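J.: Have a look at this one before I ask anything.
No lab work stands behind these numbers, since they all come straight from the coordinates. Because the structure is a prediction, the values reported are computed rather than measured. Because the Cβ atoms are built from the backbone with ideal geometry, glycine has one as well, and the counts that use them run over all protein chains shown.
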Amino acid sequence: MIPLAPAPEAVETGVGDVLLWGVLPYVVLAVVVGGSIWRYRYDQFGWTTRSSQLYESRILRIASPLFHFGILAVLAGHIMGLLIPASWTAAVGVTEGMYHFLALSIGTVAGVGTLLGIVLLIWRRRTTGPVFMATTKNDKFMYVMLVAALLTGLATTAISVFDHSVPDYRQTVSPWFRSIWILQPDVAAMAGAGPSFKLHVLWALGLFAVWPFTRLVHAFTAPVHYLFRPYIVYRSRDAGSSAHLAPVRRGWEPVGTRDRARGTTRAPERRGSRSAGRR
Ligand code: HEM
């Protein structure tokens, strides 16, 4: 059984605490929202992972899912730990001891898996020539921020296991995190958290602030449209095809082009394009 962390003692808060835990989160929120809108408006073609799969796929096939599934599990753990109050889990019979045992075991596996994934991805990037050539300074900075967020997160967990004097994050970090969203930041709660938690949260805020300006921006989008869009026509059927005589279904009407308007396109290319596929 894991010994429980003590509840935080009442803490005095100063201007520094107010700036860090009462003002900074909203500045970061404004940068994330404003930065994403700016990026979408002015750099839509750069809103991408800049995939390097074409250069190397053997290591990527293992490292990428390891990192992405790992980070999704870490995210799920954070949603549980930060958004669900301890009183709710207690109400359904989950004791603090059970909760922390689960958080520690599942969280550590997820965190270490994610770290291993990103270490492999960075190693691949460094050792595969074309992938390294395609790596920008912005990418390198992003990797530092991301890896440090992961390391400080894992450190908080490790330190809480060995140092039982660190206040329980469900009494400090979590209430503070929830209070942000109701616009009543509980500065005192966060001021009472252990130094390792403060460092981790500050680093995470830094990561969020640079998020829209790095490749990480791709995480804000999923190719849902891909499932519903019409097929892309990428080659014509043979010239003798009579497919152009088939009735055109609603929503599948040919798109107007200048050639079509001028009537200069050869017949089979103009109307008989039925071979199609999702690309
Ligand atoms: C404001 C945002 C964040 C807050 C308030 C926060 C808070 C916490 C807390 C309280 C823990 C301890 C959990 C435990 O020991 O059971 C933790 C662990 C951890 N955090 Fe964060 N975190 C934030 C953002 C992030 C980000 C952005 C990352 C990674 C990119 C991250 C990665 C980790 C990792 C890897 C752990 C170790 C345990 C696990 O895998 O869940 N955190 N975080």
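J.: In Å, what is the Rg of the alpha-carbon atoms in the stretch 1-102, and how long is Dmax?
T.: When restricted to the Cα atoms of the stretch 1-102, Rg and Dmax are 20.7, 56 Å.
J.: Rounded to two decimals, what is the ratio between the C-alpha radius of gyration of the stretch 15-225 and 2.2 N^0.38 Å?
T.: Working: Rg = 18.5 Å, N = 211, 2.2 N^0.38 = 16.8 Å.
After normalising by residue count via 2.2 N^0.38 Å, the value is 1.10.
J.: Please pull out the direction-averaged projected area of the stretch 15-60, using the convex hull of its alpha-carbon atoms, in nm² to one decimal place.
T.: With every direction weighted equally, the projected area is 5.4 nm².
J.: While we're on this one: Beta carbons within 10 angstrom, averaged per residue: use that to sort the peptides 104-117, 131-144, highest first. Walk me through the numbers on the way to the answer.
T.: Working: 104-117: 17.4, 131-144: 13.5.
Order by mean packing, descending: 104-117, 131-144.
J.: Further question on the same structure: Which whole-Hz couplings ³J(HN,Hα) result when phi for each residue of the stretch 203-219 is put into the Karplus expression 6.51 cos²θ - 1.76 cosθ + 1.60, θ = phi - 60°, listed in order with x for Gly and Pro?
T.: So the J values, rounded to whole Hz, are 5, 4, 4, x, 4, 4, 5, 8, 3, x, 9, 10, 5, 4, 4, 4, 5.
J.: Tell me the relative contact order for the stretch 27-165 as a rounded percent, counting alpha carbon contacts under 8 Å between residues six or more apart. Each step should come with its number before you reach the end.
T.: Details: 71 pairs, mean separation 41.7, N = 139.
This gives 30 percent for the stretch 27-165.
J.: To continue, here is another question. What percentages, rounded to whole numbers, describe P(r) for the stretch 144-203 computed over all alpha carbon pairs with 10 Å bin width beginning at zero?
T.: Whole-percent P(r) values from 0 Å outward: 24, 49, 26, 1.
J.: Between beta-carbons, use under 15 Å as the cut-off and find the net charge around LYS137, counting Lys and Arg +1, Asp and Glu -1. Don't skip to the end; give the middle numbers.
T.: Details: positive: ARG50, ARG125, ARG126, LYS140, ARG215; negative: ASP139.
It works out to a net charge of +4.
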